[in-house]
Amino acid sequence: MMKLYDSPLSGNCHKVRLLMSLLDLEYESVPINMAEMAHKTPDYVAINPLGQVPVLDDDGEVIRDSQAILVYLAAKFGDGRWLPKDDPYALGHVSEWLSFSANEMSHGCAASRALVLFNRDGDLEGARTLARKALGILDDHLAAREWLVGDAPTVADIANYVYAGLVHQGGINPHEFTNVSTWLGRVEALEGYIGMAALPAPK
Ligand SMILES: N[C@@H](CCC(=O)N[C@@H](CS)C(=O)NCC(=O)O)C(=O)O
């Protein structure tokens, strides 16, 4: 069975948990106690030299990074959905939004949430400014479309959904971004959707 090195409050892990659930995949969650720095032990660093979660182990095939894991799962189990493998232009756009998730959403939305939630030192106002800029770009993009790429949900939506849905934990009002709010609701209405702490429960 697949193993996910996991942490309950990690939004990056939740991207993977969410796609696993949407794809109705079984897996074993291996909890990594980040408060006790279990992600920095030699045993764990041998699995992921970056000392981060999530990591997926699919029968010895080990992949780190939430975006990379989403691509792997969609390519292997998506049955033609979630990743437009045969459409180079659409695939390029999906990659664009995966990068956006790993950069703009991470440095803005995820960072401001982490600074507040885990009481870390850092530039909270700077992170909030980056978060609002990223959410504004998402909001403009979603003004005339239901999903980030094409006319069906893809891993691009899942990768960006989680930290967009958690922005209130970083002190940002999600209702400032009406198209983003509507799109969050679309993801939450998908069959197989699951929430996490501070994200809505399935309807
Ligand atoms: N690009 C990675 C980032 C992973 C990441 O930052 N994970 C956090 C938990 S949400 C972590 O393990 N942080 C510990 C660290 O960076 O030392 C991904 O998308 O999976």
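Identify all residues within segment 165-187 that are in contact with a Ser or Thr (Cβ under 9 Å, 6 or more places away or on another chain) and of a type in the set (A, V, I, L, M); write none if there are none.
Going through segment 165-187, the residues in contact with a Ser or Thr (Cβ under 9 Å, 6 or more places away or on another chain) turn out to be 167, 169-172, 174-175.
The answer is V167, I172.
Annotation for segment 171-192: at least one member residue is in contact with a Lys or Arg (Cβ under 7 Å, 6 or more places away or on another chain), under 22 Å from M20 (Cβ atoms) and surrounded by 14 or more Cβ atoms within 10 Å (Cβ to Cβ).
Against the numbered list (1) within 15 Å of the ligand (Cβ to nearest atom); (2) under 13 Å from K15 (Cβ atoms), W82 comes up short only at (1). Looking at segment 178-189, is at least one residue without any contact (Cβ under 8 Å) to a residue 12 or more places away in the chain, in contact with a helix residue (DSSP H, G or I) (Cβ under 8 Å, 6 or more places away or on another chain) and away from the ligand (no atom under 15 Å from the Cβ)? Yes - at least one qualifying residue is present in segment 178-189.
The residue pairs whose first member lies in segment 5-17 and is among the acidic types (D, E), whose second member is within 6 Å of the ligand (Cβ to nearest atom) and open to solvent by less than 10 Å² (accessible area, probe 1.4 Å), and whose beta carbons are closer than 9 Å, counting only pairs six or more residues apart or on different chains, are D6/P54.
Screening segment 122-203 for helices (runs of 4 or more DSSP H) wholly inside it with 2 or more residues that are more than 16 Å from the chain's Cα centre (by Cα) and modelled with pLDDT of 95 or more returns the ranges 124-141, 178-188. Selection within segment 16-44: residues that are farther than 17 Å from F118 by Cβ and among the β-branched types (V, I, T). The member of this set that is most open to solvent (accessible area, probe 1.4 Å) is T41. For beta carbons closer than 8 Å, sequence separation of 6+ or different chains, a first residue in segment 93-112 that is closer than 17 Å to I69 by Cα and a second that is within 13 Å of the ligand (Cβ to nearest atom) and open to solvent by 60 Å² or more (accessible area, probe 1.4 Å), the qualifying pairs are A102/D65. For segment 7-47, the tally of residues that are near the ligand (Cβ under 10 Å from one of its atoms) and under 22 Å from M105 (Cα atoms) stands at 10.
Residues that are over 13 Å from the mean Cα position of the chain (by Cα), of a type in the set (A, V, I, L, M, F, W, C) and open to solvent by 10 Å² or more (accessible area, probe 1.4 Å) do not occur anywhere in segment 6-15. On inspection, R113 does not qualify as within 15 Å of the ligand (Cβ to nearest atom), basic (K, R) and assigned to a loop (DSSP other than H, G, I, E, B).
The values are calculated or read from the model by the stated rules, or taken from the named source; none is laboratory data. All values derive from a computational prediction rather than experimental measurement. Here Cβ is always computed from backbone atoms with ideal geometry, including for glycine, and neighbour counts include all displayed protein chains. Heavy atoms of the whole protein, side chains included, go into the accessibility calculation; ligands, DNA and RNA do not. Shrake-Rupley method; radii C 1.70, N 1.55, O 1.52, S 1.80 Å.
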